[in-house]
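Okay, structure first, notes after.
The values are calculated or read from the model by the stated rules, or taken from the named source; none is laboratory data. Bear in mind the structure is a predicted one, so any value in this text is a computation, not a measurement. All Cβ positions, glycine included, derive from the backbone under ideal geometry; neighbour counts span all protein chains shown. To get the accessible areas, we keep the full protein, side chains included, count just its heavy atoms, and leave off ligands, DNA and RNA. Shrake-Rupley method; radii C 1.70, N 1.55, O 1.52, S 1.80 Å.
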Amino acid sequence: EWRVDHYQSLSQEVFYGRWGGDKALPTNPPVAEGTMHSLVLGDLTEDVHPRIRHVENLFGDPVWIEQLAGGSSLMQFEFGHMPGSDFGFNRWQYDGRSFWPLANGISLDTRLRWQATMGDITTADSSLLWQKLEFLGGPGSLPALYNKSLIGNRLVLVNTELRMNLNMLSTIFHSPDAALVIFNDFATIGLAANGDGMFSGYGMSGISSILY
């Protein structure tokens, strides 16, 4: 697809949150303003389906359980060095998800996300190209960190979830897809310089540098 986007910042109107006791909200940074022309090539494949079965739980009671099976993947290349664009960048992105039923009522779900934004990620006034960068922290990335507390243009993120269907423990739950979830999240993020390759600049300096 061919994209023509115009970016303009809006002023922040809300500074305090009502939930959790009048806490101050983080500053909403301005985006890099201007017109962006880019060519996007992508491939999306999806083969995910629910698997519903009537089985006996751990105590021999007949129950219905539902588990997802299959996987999906998104691979996308965005080329931003285009005529008439105020920005010059290339962005490479992959997001793959797999859903594996290991046994009746026990599933392992995984997600791998990789992104590299290359080229000039600053504007004429040396501000960052916020709208093409990656953030870590909060739901969907590393829930234990504050929302969007880390920023970079190189990212590797792995999310894993081990799910146990609650109907396998007792018939009182009456829901075929209610589950107890044990999750682990791992990531590394870095802010690479202009000219660095897509496989450098991730901030990796051994196991201790991996966020989890």
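In this entry, Ile182 passes the filter for residues that are open to solvent by 70 Å² or more (accessible area, probe 1.4 Å) and within 30 Å of Arg51 (Cβ to Cβ).
Being open to solvent by 90 Å² or more (accessible area, probe 1.4 Å), in contact with a Leu (Cβ under 8 Å, 6 or more places away or on another chain) and farther than 30 Å from Leu180 by Cα is a condition met by no residue of the range 71-79. Only a single criterion out of (1) touching a residue at least 60 places away in the same chain (Cβ under 8 Å); (2) under 23 Å from Pro29 (Cα atoms) is not satisfied by Gly105, namely (2).
The rows are residues; the columns are (1) exposed (fewer than 10 other Cβ atoms within 10 Å of the Cβ); (2) among the charged types (D, E, K, R).
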site: Ser9; (1), (2): no, no
site: Phe15; (1), (2): no, no
site: Ala24; (1), (2): yes, no
site: Pro29; (1), (2): no, no
site: Glu33; (1), (2): no, yes
site: Ser38; (1), (2): no, no
site: Glu46; (1), (2): no, yes
site: Arg51; (1), (2): no, yes
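Within the range 146-168, the residues that satisfy the criterion of being outside any strand (DSSP E or B) and either surrounded by fewer than 16 Cβ atoms within 10 Å (Cβ to Cβ) or among the aromatic types (Phe, Trp, Tyr) (or both) are Tyr146, Asn147, Lys148, Ser149.
Of the set (1) at pLDDT 85 or above; (2) open to solvent by 30 Å² or more (accessible area, probe 1.4 Å), all apply to Ala116 but (2).
When each of Asp86, Asp61, Asp95 is tested for being touching a residue at least 12 places away in the same chain (Cβ under 8 Å), farther than 30 Å from Thr171 by Cα and open to solvent by 60 Å² or more (accessible area, probe 1.4 Å), the lone residue that passes is Asp86.
Listed by first and then second residue, the pairs linking a residue in the range 136-150 that is at positive phi to a residue that is open to solvent by less than 10 Å² (accessible area, probe 1.4 Å), with Cβ atoms under 7 Å apart and 6 or more places separating them unless they lie on different chains, are Lys148/Gly137; Lys148/Gly138.
Of the listed requirements (1) on the phi > 0 side of the Ramachandran plot; (2) assigned to a strand (DSSP E or B), Gly195 misses just one: (2). Taking the range 198-210 as the range and being open to solvent by less than 60 Å² (accessible area, probe 1.4 Å) and under 22 Å from the mean Cα position of the chain (by Cα) as the test, the residues that pass are Met198, Ser200, Gly201, Tyr202, Gly203, Ser209, Ile210. Being under 30 Å from Gln67 (Cβ atoms) and among the β-branched types (Val, Ile, Thr) is the filter here, so list the residues in the range 161-212 that pass it. Within the range 161-212, Thr171, Ile172, Val181, Ile182, Ile210 meet the criteria.
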